[in-house]
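**Student:** Got a structure here, written out as structure tokens. Questions coming.
The values are calculated or read from the model by the stated rules, or taken from the named source; none is laboratory data. Keep in mind the model is a prediction, meaning the values are calculated, not measured. Here Cβ is always computed from backbone atoms with ideal geometry, including for glycine, and neighbour counts include all displayed protein chains. We work out accessible area using only protein heavy atoms, side chains counted, and drop any ligands, DNA or RNA first. Shrake-Rupley method; radii C 1.70, N 1.55, O 1.52, S 1.80 Å.
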Amino acid sequence: MTTLGKKGAEQDMRHTMEELRKHHRLKQVYGEVSINYELPAVLEQMPDRSAVLFHNVKGYDTPVVGNLVDRENFAISAGISSDLSSTLKLITQGVEKPVRSKVVEDAPCRDVVKTDNINIMNEIPVNTFFEKEAGPYISAALITANDPETGKRNVSINRLLILKDDELMIGMSPSHHLYRLLEKAKEKEETLEVSISLGNHPITLVASNAYVTLGFDEYDIAGGMFGEPLELSAGVTVDVEAPARSEMVIEAEFIPGKFHEEGLVSEFHGMYVDYGKSPVLKVKGLTHRKEPYYQTIVPGRNHEHFIIGALAIESTTYLHVREAVSRVKHVHITEGGMGRVHCVISLSNPKPGEGQKAAFAAFAHCNLIKQVTIVDDDIEVMNPVDVEWAVAARMKAYRDVQVTPGVRADRAEPNEENGTVAKVMIIALKDGTHHPKAEIPEHIVHNVRQNWSSYDIREE
Ligand SMILES: Cc1cc2nc3c(=O)[nH]c(=O)nc-3n(C[C@H](O)[C@H](O)[C@H](O)COP(=O)(O)O)c2cc1C
Ligand SMILES: [Mn+2]
């Protein structure tokens, strides 16, 4: 064990909040709000995508942070510029050059430790979000568990429905690793312990959503992005670590054979779904920093839910597409496509058929992706108007739209039928038959950009 690193403080959510404040990207709400519907409604109505700090949460002393992650906020928190090249570079670096995390002593998340008579709703201002949902959900939790066979760590974000003082239902897709770990534990007739970490740096949140193979420790991806090991703390009542600088950690274990019928829950697509029964966790411990913040994410059709997934998925998709087509420039998972299902890929001087190959690679990598649009590298993939221009200018529909029905789908896919969905690729590439693009000479445009202030531009 080592002691806390100096630079480690940069792994704090608090550090990000301070950075955002300096960049005028943190709104502070001093009026009273209720945890039930009202706080989420304020977050949803916030006119820009600043992070929001609620100081006055009815019935609680703990301040609540929301809207922490969007593309701009992520870039500020990571100290990079917010263009797609920079975020792709940072996140792919995390996946390609992971850095092993380290367990430290004196972890701030263990400043206060409780192991008896824990009542989650008394301690934490957990929000109730949507009209038809069953109750309050913890929505920004990093769930850490160790593989009962290999001992390797796994991290994901999962929703937690508060059932009783110390019982939580956990929602998890059967295709995700955590579900597989639970199955393995069942086979060995063991229970599975978890740490539930609340209040994390955007880098750690995004790393947890990377599409990597079972056994790839997502905290090492965070380390690769931080450029230093993510600091972890040992558990108090469970043998599972949690980020040392989280604001709070709930320690829990699965209750063998216990399931709860969830009812309706809002998925990332913004519609209610009924996934039936899900496993139940028993809380064993609760630890937190001194004067902790609670982090919430409005789940469902909300930019923060979209973007945490989209940043992670577009980066691993980029790596996979690059294996198939080296001329890939950018991969973007769009917000209109729920931050999950629509993908735009730009290629530099592709050879015939490389557009299709890139689309197949994206479909193969991530089940969620069902529409891929392929454009040339003169198109800004993050600009929906530019992408639509490419489709309007360069796509010949009889030739360039290919539909493949009956492909295995993610269970959250809104048009899923029998576990399958149709995938569509739209090839919007130049083919030599198009009219040449009309452009102002490049060096002039460059000079104009450089000398912008010299034009003495005024409002009147
Ligand atoms: C805000 C947010 C909430 C999420 N909630 C859930 C959830 O309730 N259940 C689930 O299976 N995945 C959920 N996810 C997606 C997983 O965290 C993600 O797919 C992760 O990469 C799965 O990792 P794993 O395969 O290592 O378990 C959520 C993602 C975000 C960003
Ligand atoms: Mn995993």
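**Student:** Which of the following residues is in contact with an Asp or Glu (Cβ under 6 Å, 6 or more places away or on another chain) and away from ligand 2 (no atom under 16 Å from the Cβ): Glu261, Glu193, Glu167?
**Tutor:** Result: Glu193 is the single residue among Glu261, Glu193, Glu167 that is in contact with an Asp or Glu (Cβ under 6 Å, 6 or more places away or on another chain) and away from ligand 2 (no atom under 16 Å from the Cβ).
**Student:** Can you give me the ranges of the helices (runs of 4 or more DSSP H) entirely in region 321-404 with at least 3 residues that are crowded, with 17+ Cβ neighbours inside 10 Å and modelled with pLDDT of 95 or more?
**Tutor:** Fully inside region 321-404 and qualifying: 354-365, 384-394.
**Student:** With open to solvent by 10 Å² or more (accessible area, probe 1.4 Å) and at pLDDT 95 or above as the only criterion, which of Tyr137, Tyr219, Tyr179 stands out?
**Tutor:** Tyr179
**Student:** Can I ask one more? Does His201 satisfy the criteria of being more than 16 Å from ligand 2 (Cβ to nearest atom) and open to solvent by less than 30 Å² (accessible area, probe 1.4 Å)?
**Tutor:** Judged against the criteria, His201 is a match.
**Student:** Somewhere in region 116-126, is a residue on the phi > 0 side of the Ramachandran plot and either within 15 Å of ligand 2 (Cβ to nearest atom) or modelled with pLDDT of 95 or more (or both)?
**Tutor:** So far as region 116-126 goes, yes, one or more of its residues are on the phi > 0 side of the Ramachandran plot and either within 15 Å of ligand 2 (Cβ to nearest atom) or modelled with pLDDT of 95 or more (or both).
**Student:** Still on this structure: So which pairs qualify, if the first residue must be in region 244-265 and within 12 Å of Ile170 (Cα to Cα), the second must be among the β-branched types (Val, Ile, Thr), the Cβ gap must be under 6 Å, and the two must be at least 6 apart or on different chains?
**Tutor:** Every condition considered, the pairs that remain are Ala252/Val194; Ala252/Val283; Glu253/Thr191; Phe254/Thr191; Ile255/Val280; Lys258/Val280; His260/Val280.
**Student:** If you check Glu96, Glu123, Glu105, Glu72, which single one turns out to be over 17 Å from Pro202 (Cβ atoms) and surrounded by 14 or more Cβ atoms within 10 Å (Cβ to Cβ)?
**Tutor:** Selected residue: Glu123, the only one of Glu96, Glu123, Glu105, Glu72 that is over 17 Å from Pro202 (Cβ atoms) and surrounded by 14 or more Cβ atoms within 10 Å (Cβ to Cβ).
**Student:** Counting just the residues of region 253-309 that are within 11 Å of ligand 1 (Cβ to nearest atom), among the aromatic types (Phe, Trp, Tyr) and assigned by TED's automatic domain parsing to the domain that holds Pro202, which one comes out farthest from the chain's Cα centre (by Cα)?
**Tutor:** Checked region 253-309; the qualifying residue farthest from the chain's Cα centre (by Cα) is Tyr275.
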